[in-house]
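Down below is the structure, laid out as structure tokens.
The values are calculated or read from the model by the stated rules, or taken from the named source; none is laboratory data. All figures in this text were calculated on a predicted structure; none of them were measured in a lab. A quick note on method: Cβ atoms are made from the backbone with ideal geometry, for glycine too, and the neighbour counts reach across all protein chains shown. Just the protein is used for accessible areas: all its heavy atoms, side chains included, with ligands, DNA and RNA removed. Shrake-Rupley method; radii C 1.70, N 1.55, O 1.52, S 1.80 Å.
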2 protein chains.
Amino acid sequence: MPVGTLASVKGVSQDVLEDLGVEILLSNTYHLFLRPGVETVRRMGGLHRFMSWDRAILTDSGGFQVFSLTDLRKVSEEGVAFRSHLDGSSHFLSPEKAMEAQIGLGADIIMAFDECTEYPADAARARASMELTVRWAERCKNYFEEHKHDVPWALKESAELRSAGRPRAAVPTRSEATQALFGIVQGGMDPELRRESADRTIDIGFPGYAIGGLSVGEPRELTREIVLSTLEHLPSDQPRYLMGVGTPDEIAQYAQSGVDMMDCVLPTRAARHGLLFTSGGKVSIKQARYAEDESALDPACDCRVCLRYSRAYLRHLYASNELLAQVLNTVHNLHFYLATMRTVRAWIRAGRAPAAGVSQM
Amino acid sequence: MPVGTLASVKGVSQDVLEDLGVEILLSNTYHLFLRPGVETVRRMGGLHRFMSWDRAILTDSGGFQVFSLTDLRKVSEEGVAFRSHLDGSSHFLSPEKAMEAQIGLGADIIMAFDECTEYPADAARARASMELTVRWAERCKNYFEEHKHDVPWALKESAELRSAGRPRAAVPTRSEATQALFGIVQGGMDPELRRESADRTIDIGFPGYAIGGLSVGEPRELTREIVLSTLEHLPSDQPRYLMGVGTPDEIAQYAQSGVDMMDCVLPTRAARHGLLFTSGGKVSIKQARYAEDESALDPACDCRVCLRYSRAYLRHLYASNELLAQVLNTVHNLHFYLATMRTVRAWIRAGRAPAAGVSQM
């Protein structure tokens, strides 16, 4: 899932995302909560209508950003008081508030409000944090079940939306449609705590489960160990979502290990810093060695950037701080990630693992 | 002509420019001279190949930027010594150097190196400056005639370019093709000096003529007066190019007065500042009044932005400083300008002036 933090994948228009084959976007509740505000999006009919995107959207709960972006936050049983990273204004998120926000935003998949356990955390802290997340998950589900028909696109009849003006694709065909709320497994770096978190979250009952609290500073091998052991405790007939991962190699490996969904800012953020993923490895396009390199960024790539532009041009755009550098770099990296996942799906359908590393495909 | 200062229309990819119907781009010699440097572009086969743009390109001479962007410049009969606005490095441009640079860049139309007379200028200063421009125009033509076959795409055979790798459209079909060098009329705000400048520039002989030295701070009415009087002295069977103009109304009016070509940063620069041109007048999309406005930016516009997105979304993107704001705003403003010119062409073909103001079309 490409990340569209503020209801936009930075620099890439929705028609290009469609052409790239993006099937689902992630958008960040925390950021949308601050700008433009949930009420605005809700009154505009929800995220799909607001950003004119008729494919799937997932919103996170805001929990991760509250823990990673804000100062002066205070966690209590009730929720988290925090100050905006933008203007220092005071806000409060709780399981109920996070549900209310995500119902108002109206994504297809929404996430339980969890506490992202910091790394490192001692055993007592990891347990307490995991148990808080379980209690919050229950409150999330309760609130969601009571309010799920408040989702903006469930409130209006299709005909009303269709007559509201220009064609908008994001019109649900059934007004009884609701969102899917996923639970999140925490438990720090302790496989046993992770197992308990998984069991207790499954007991609450969700249509899909995420593995949270990883990629928070721990070594990559530890991430992998925790992911693999946690996956065993999650139902394989429901979506399993690994949050915040990862490099092209990692997403290919995790997908083959049974992870169904992943999100990461890496392809888009790296692109804006001139770091490009190619079949021949990473390319830092700012380097002077590319200044007169007439070859395609990735000769094996069939994205619109590689088919049209040279490394020399991409290097010039980046070195000159041209807006188009960020646009084209992002398009290429997204294409590379999506192509990686398409290859992995083909492998899975064919029932075999790749012969060589995914980065060589 | 949309402006693509550094071989890129800021934020808009070449395929979108093609879809918009852009037939010719302006690129700035001064900026390309500094980054990536003329030699790099020349070795990459010229601007068309470098930026993968097979439609027409015009480069200015660098004179206007030297006079408007640089400090510590020193004008002599020979040329202009100046310091880069980027790093303070010392450079020198003369008629010959400007021709050498523009031949190396390889645009289809290149411009004589002129002195852009400042406003206000007294009679003696305006005459001296105009006469310098005439002498420089002669040197430009002499250099160009001697070196015009050095243009990068004239040096190589089509077949060689075609076999050099991926398909690049910018392959001339005849290796004897050369560029067109246009002369520039100066003369400050004195119609008589302008007439003399036009006559003496025509005596040198160019395939097209530009009116320079306007939009330099003078009142709009004075601009119009000078344009109209100067046009009378320029051959109507050759392109007449008014540099650095203007608003949609102005370009429509000047086109109907006989101007064939114009360039302006206004549509693209204003877009990046959230100022959008519409059939209902200017829209400052940053305003809070648009925060929940579900209507199209311009309901009468059929650009991809107006067909897909709401004012509310565009306002959100701008207010949140999202890259996509600059991309979408630029696409719309370019479309508006190009649609304006298409309408004017239709009027001209039909042999009539518009019944209402062009901004109401």
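State which stretch of chain A is the longest one without any exposed trypsin sites (Lys or Arg not before Pro), exposure meaning a DSSP loop state and at most 11 other Cβ atoms within 10 Å.
A:175-351
Any idea of the accessible area per residue across the range B:285-327, 1.4 Å probe, to the nearest Å²?
39
Any idea what the A:Ile204 label distances to the other copies are, label 7 Å down the Cα→Cβ vector, nm, shortest first?
7.7
Can you give the FRET efficiency to the nearest 0.05 for B:Glu232 and B:Ser76, using r as the Cβ-Cβ distance and R₀ = 51 Å?
Values: r = 33 Å, r/R0 = 0.65.
Computed FRET efficiency for B:Glu232 and B:Ser76: 0.95.
Taking chain A as the reference, fit the longest principal axis to its C-alpha atoms, fit the long axis of helix A:123-147 to the helix C-alpha atoms, and give the angle between the two in degrees, 0 to 90, nearest 10.
That works out to roughly 80 degrees.
Given a cut-off of 32 Å, name the pairs among A:Lys286/B:Lys282; A:Lys286/B:Lys74; B:Lys141/B:Lys282; A:Lys97/B:Lys286; A:Lys282/B:Lys148 whose C-alpha atoms lie farther apart than that in the structure shown.
On the way: A:Lys286/B:Lys282 38 Å; A:Lys286/B:Lys74 34 Å; B:Lys141/B:Lys282 42 Å; A:Lys97/B:Lys286 29 Å; A:Lys282/B:Lys148 41 Å.
A:Lys286/B:Lys282; A:Lys286/B:Lys74; B:Lys141/B:Lys282; A:Lys282/B:Lys148, as the Cα separations exceed 32 Å there.
Based on DSSP H runs of at least 4 residues, each adding -39500 (n - 2.57), what is the mean residue ellipticity at 222 nm of chain A after dividing by all its residues, to the nearest 500 deg cm²/dmol?
On the way: 16 runs with 160 residues, N = 361.
It comes out at -13000 deg cm²/dmol, rounded to the nearest 500.
To the nearest 10 degrees, how steep is helix B:95-105 against the longest Cα principal axis of chain B, on a 0 to 90 scale?
Roughly 50 degrees between the two axes.
Quick check on the range A:271-353: take the gyration tensor over C-alpha atoms, sort the square-rooted eigenvalues as a ≥ b ≥ c, and tell me if it's rounded (a/c under 1.5), prolate or oblate.
prolate
Using only the alpha carbons of the protein assembly as shown, what is the convex hull's orientation-averaged projected area in square nanometres?
34.5
Can you give the % of DSSP beta bridges in the range B:202-349 that are antiparallel, to the nearest 5? Kindly include the intermediate steps, with their values, before the conclusion.
On the way: 5 of 10 bridges.
Of all bridge pairs located within the range B:202-349, approximately 50 percent are antiparallel.
Considering Cα pairs under 8 angstrom that are at least six residues apart, work out the relative contact order of chain B and quote it in whole percent.
Relative contact order comes out at 14 percent.
Relative to a virtual label point 7 Å from the Cα of A:Asp87 in the Cα→beta-carbon direction, which members of the range A:24-44 show backbone nitrogen distances below 13 Å?
In the range A:24-44, the label zone of A:Asp87 (backbone N under 13 Å from the point 7 Å along Cα→Cβ) covers A:34-37.
Can you tell me the Rg and the Dmax, both Å, for the Cα atoms in the range A:39-80?
Gyration radius and largest Cα-Cα distance of the range A:39-80: 14.3, 38 Å.
I'd like the orientation of helix A:220-231 relative to chain A: the angle between its Cα long axis and the longest Cα principal axis, in ° from 0 to 90, rounded to 10.
So the helix axis and the longest Cα principal axis differ by about 50 degrees.
Can you compute the charge dipole magnitude of the protein assembly as shown about its Cα centre, using +1 on each Lys and Arg Cβ and -1 on each Asp and Glu Cβ, nothing else charged? Give it in debye, rounded to the nearest 20.
Value, rounded to 20: 440 debye.
Once the label point is set 7 Å along the Cα-to-beta-carbon vector, what list of distances in nm do you get between B:Ser257 and its counterparts in the other copies?
7.1
In vacuo Debye scattering of chain A, one point per C-alpha: log10 I(q)/I(0) at q = 0.11, 0.13, 0.14 Å⁻¹?
The Debye formula, applied to the Cα set alone, gives -0.79, -1.09, -1.23.
Give the calculated FRET efficiency between B:Ala350 and A:Leu307 to the nearest 0.05, with a Förster radius of 56 Å applied to their Cβ-Cβ distance. Numbers along the way, then the final one.
Details: r = 41 Å, r/R0 = 0.72.
Efficiency at R0 = 56 Å is approximately 0.85.
For every other residue with a beta carbon closer than 15 angstrom to the beta carbon of A:Leu222, add +1 if it is Lys or Arg and -1 if Asp or Glu, then tell me the sum.
-4
If you take the charge dipole of the range A:1-88 about its Cα centre, with +1 on Lys and Arg Cβ and -1 on Asp and Glu Cβ, which of A:Thr59, A:Val9, A:Leu32 is farthest toward its positive end?
The residue sitting most towards the positive pole is A:Leu32.
What is the magnitude of the charge dipole of the range A:217-318 about its Cα centre, with +1 placed on the Cβ of each Lys and Arg, -1 on the Cβ of each Asp and Glu, and no other charges, expressed in debye to the nearest 20?
620
If you put +1 on each Lys and Arg Cβ and -1 on each Asp and Glu Cβ, how big is the dipole of the range B:32-140 around its Cα centre, in Debye rounded to 20? Present the calculation step by step, with values, prior to reporting the outcome.
Values: 13 positive and 16 negative charges, 60 e Å.
Once rounded to the nearest 20, the dipole reads 280 debye.
Within 10 Å of each Cβ of B:304-311, how many other protein chain Cβ atoms are there on average?
Numbers: counts 3, 1, 1, 4, 10, 6, 9, 0.
That works out to 4 on average.
Rounded to the nearest 5, what % of DSSP beta bridges with both residues in the range B:1-129 are antiparallel?
Details: 6 of 13 bridges.
Roughly 45 percent of the DSSP beta bridges within the range B:1-129 come out antiparallel.
Using a Förster radius of 45 Å, what is the FRET efficiency between B:Arg35 and A:Arg195 based on their Cβ-Cβ separation? Nearest 0.05, please.
For R0 = 45 Å, the calculated efficiency reads 0.20.
What fraction of the DSSP beta bridges in chain A is antiparallel, stated in percent and rounded to the nearest 5?
Counting only bridges with both partners in chain A, antiparallel ones make up about 40 percent.
Could you compute the net charge surrounding B:Met1? Neighbours are other residues with a C-beta less than 13 Å from the C-beta of B:Met1; K and R count +1, D and E count -1.
Counting the neighbours of B:Met1, the net charge comes to -4.
Could you tally the net charge around A:Pro207, taking each other residue with its Cβ under 14 Å from the Cβ of A:Pro207, Lys/Arg +1 and Asp/Glu -1?
It works out to a net charge of -1.
Using alpha carbon coordinates only, what is the Rg to Rh ratio of the range B:1-57, with Rh defined as the Kirkwood radius?
0.95
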